[in-house]
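Chemist: This is the structure I want to talk about, given as structure tokens.
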Amino acid sequence: MSIRVRVNGEDRELDVDPEMPLLWALRDVLGLTGTKYGCGEALCGSCSVHLDGQVVRACVTPIRRADGRAVTTIEGLSTDGNHPLQRAWVELGVPQCGYCQAGQLMCAAALLAKTPQPTDADIDRSMAGNLCRCGTYTRIRSAVKKAAGVPDAK
Ligand code: FES
Ligand code: FES
């Protein structure tokens, strides 16, 4: 089946099994390896991408759901790595091993698009499904607030 999907602003046509997970299509077919495979069961958030602006777990999203829609991955978050979240991530040295961080950034970006001035509770609620085995949660929260221009009282 032919799937037409706009990926990071570019129209792509994929001849793949419609049940193929979006994550496979992104990584193995399109070569966009910034999105990571963690659990494969929608439990860790490392595969988070945007589908029409909403966060989805690409590991459990069949590519057919993306037909005619727009997908944004970490590679498309900004053209030059200059998204406010990416700048804050660098300034605060958020990542440790880095494996979870693409998913964290995509969830944070969706949060700020909807809630430009998030509270701690907003951040915790939105990011709760994104696990980090390195425990970078405190820095993630600070970086989200820095990107949003919200004072960090910690
Ligand atoms: S790999 Fe998709 S949520 Fe863990
Ligand atoms: S930075 Fe290592 S898993 Fe999050």
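Chemist: Look at Ala121 and say whether it is under 19 Å from Gly34 (Cβ atoms) and more than 13 Å from ligand 2 (Cβ to nearest atom).
Modeler: No, not satisfied.
Chemist: Next question, about the same structure. Of everything in segment 32-57, what is part of a loop (DSSP other than H, G, I, E, B) and either under 17 Å from Leu77 (Cβ atoms) or in the same structural domain as Gly103 (by TED's automatic domain parsing) (or both)? Give them in sequence order. Working first, answer last.
Modeler: Of the residues in segment 32-57, the ones part of a loop (DSSP other than H, G, I, E, B) are 32-47, 52-53.
Hits for segment 32-57 are Leu32, Thr33, Gly34, Thr35, Lys36, Gly45, Ser46, Cys47, Asp52, Gly53.
Chemist: Picking from Asp52, Asp28, which residue would you name as being touching a strand residue (DSSP E or B) at 6+ places or on another chain (Cβ under 7 Å), under 19 Å from Arg4 (Cα atoms) and among the acidic types (Asp, Glu)?
Modeler: Asp52
Here's the yes/no breakdown for (1) surrounded by 14 or more Cβ atoms within 10 Å (Cβ to Cβ); (2) within 16 Å of ligand 2 (Cβ to nearest atom); (3) in contact (Cβ under 8 Å) with a residue 24 or more places away in the chain; (4) not basic (Lys, Arg):
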{"position": "Ser2", "(1), (2), (3), (4)": "no, no, no, yes"}
{"position": "Gly9", "(1), (2), (3), (4)": "no, no, yes, yes"}
{"position": "Arg12", "(1), (2), (3), (4)": "yes, no, no, no"}
{"position": "Glu19", "(1), (2), (3), (4)": "no, no, yes, yes"}
{"position": "Gly34", "(1), (2), (3), (4)": "yes, yes, yes, yes"}
{"position": "Gly38", "(1), (2), (3), (4)": "yes, yes, yes, yes"}
{"position": "Ser46", "(1), (2), (3), (4)": "yes, yes, yes, yes"}
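The values are calculated or read from the model by the stated rules, or taken from the named source; none is laboratory data. Being a predicted model, the structure only gives us computed values, none of them experimental. Heads up, the Cβs are rebuilt from the backbone with ideal geometry, glycines too, and the neighbour counts pull from every protein chain shown.
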